[in-house]
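Accompanying notes for the structure given below.
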Amino acid sequence: MSQDRDEASAGPQPAEPERGGGAATSSGPTDDDGALAPGAIPEDEVAPRSKSRWAFARELTVIVVIALVLSFLVKTFLAQPFFIPSASMESTLDIGDRIIVSKFTPQHSPLHRGDIVVFEDPKTWGSVPQHRSLLKRVVNDSLVFVGILPGGGDHVVKRIIGMPGDHVVCSLACSTKAGPLTVNGVPITEPYIDKGSVPSTTPFNITVPADKVWVMGDNRNDSADSRFHDGTSHGKLGSVPMSDITGQVVAIAWPISRIHAMKDYSNVFAKVPKP
């Protein structure tokens with residue numbers, strides 16, 4: 001008990017400085033004049049966790065916005081991806097292929113016979129619209145608009161056979177593979193036609209209207225192209241307005257086993273005279 005009384009009556013004893021790293025845990029000044037204790041870290045140098053999270057979220061948002069803007073610019077002015085949903089262009093383009101479409105054609109460079117082009121489904125073709133929910137339409141169209149998703153659906157891919165003013169003919173012999181189709185009177189040997197296909201399953205005799213092109217699929221036995229939509233209009237309804245053309249197919253980008261640039265077939269039409 002005497003020891004307890006002695007301790008209780010004793011005056012305040014000077015505090016012993018902590019040893020080791022204890023002083024480093026101080027978070028602010030300890031002296032009367034505002035100076036920091038040795039080894040102390042100012043409070044404003046310790047970034048709060050909430051501020052760090054906000055900075056990360058802000059940087060991530062900036063990166064995403066920049067990526068979307070760049071994707072939109074590339075898709076609008078340079079190139080756009082599309083996917084192949086049907087067999088109409090086999091075996092040049094297979095179902096599921098992802099293709100790259102150059103926006104330079106026809107905006108900045110002329111089209112040619114033999115070019116493969118992607119175009120909006122012409123109104124004269126009267127195709128049946130796809131029925132999707134509003135939410136799916138909005139999400140899909142938005143992603144296609146900025147270039148995240150490949151286009152498709154309301155776009156068609158075919159090969160140009162006739163330019164404006166061209167006289168394109170497939171006689172009865174042509175439809176039975178006994179003879180080729182002709183462009184401005186010149187017979188055309190078409191190496192890109194799918195094996196087993198005839199130049200055309202039905203004969204036709206048309207003249208391509210001004211500012212339009214006559215297009216056909218490489219799988220001539222299974223392609224709803226200009227022939228299918230023309231009826232008896234002699235080229236007026238089946239031909240595609242050049243203003244509807246999105247661009248020229250320049251390469252297959254996917255799958256990996258099929259990545260390659262599109263072959264140039266301008267030599268096939270080299271002897272065709274101007275209309």
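Residue by residue through the range 222-233, note down the ones that are over 29 Å from the mean Cα position of the chain (by Cα) and loosely packed, with under 15 Cβ neighbours inside 10 Å. GLY231, THR232, SER233, listed by residue number.
Return yes or no: is PRO203 touching a Ser or Thr at 6+ places or on another chain (Cβ under 7 Å), modelled with pLDDT of 95 or more and surrounded by fewer than 21 Cβ atoms within 10 Å (Cβ to Cβ)? When the stated conditions are applied, PRO203 does not pass them. Tell me, which residue of the range 162-180 that is within 18 Å of ASN219 (Cβ to Cβ) and surrounded by fewer than 24 Cβ atoms within 10 Å (Cβ to Cβ) is modelled with the highest pLDDT? So the residue we want is PRO180.
Under the condition of being surrounded by fewer than 17 Cβ atoms within 10 Å (Cβ to Cβ) and touching a residue at least 24 places away in the same chain (Cβ under 8 Å), the residues counted in the range 186-197 number 6. Just a yes or no: is a residue in the range 251-266 more than 13 Å from ILE99 (Cα to Cα), part of a helix (DSSP H, G or I) and either touching a residue at least 12 places away in the same chain (Cβ under 8 Å) or of a type in the set (D, E, K, R) (or both)? Checking the range 251-266: at least one residue is more than 13 Å from ILE99 (Cα to Cα), part of a helix (DSSP H, G or I) and either touching a residue at least 12 places away in the same chain (Cβ under 8 Å) or of a type in the set (D, E, K, R) (or both). Just one of the listed residues (ARG137, ARG159, ARG113) is farther than 19 Å from ILE245 by Cβ and either within 24 Å of the chain's Cα centre (by Cα) or modelled with pLDDT of 90 or more (or both), namely ARG137. Against the numbered list (1) farther than 22 Å from SER86 by Cβ; (2) touching a strand residue (DSSP E or B) at 6+ places or on another chain (Cβ under 7 Å), THR176 comes up short only at (2).
The values are calculated or read from the model by the stated rules, or taken from the named source; none is laboratory data. It should be emphasised that the depicted structure is a prediction, and the values quoted were computed from it without experimental measurement. Cβ sites come from the backbone with ideal geometry, for glycine too, and all protein chains shown count toward neighbours.
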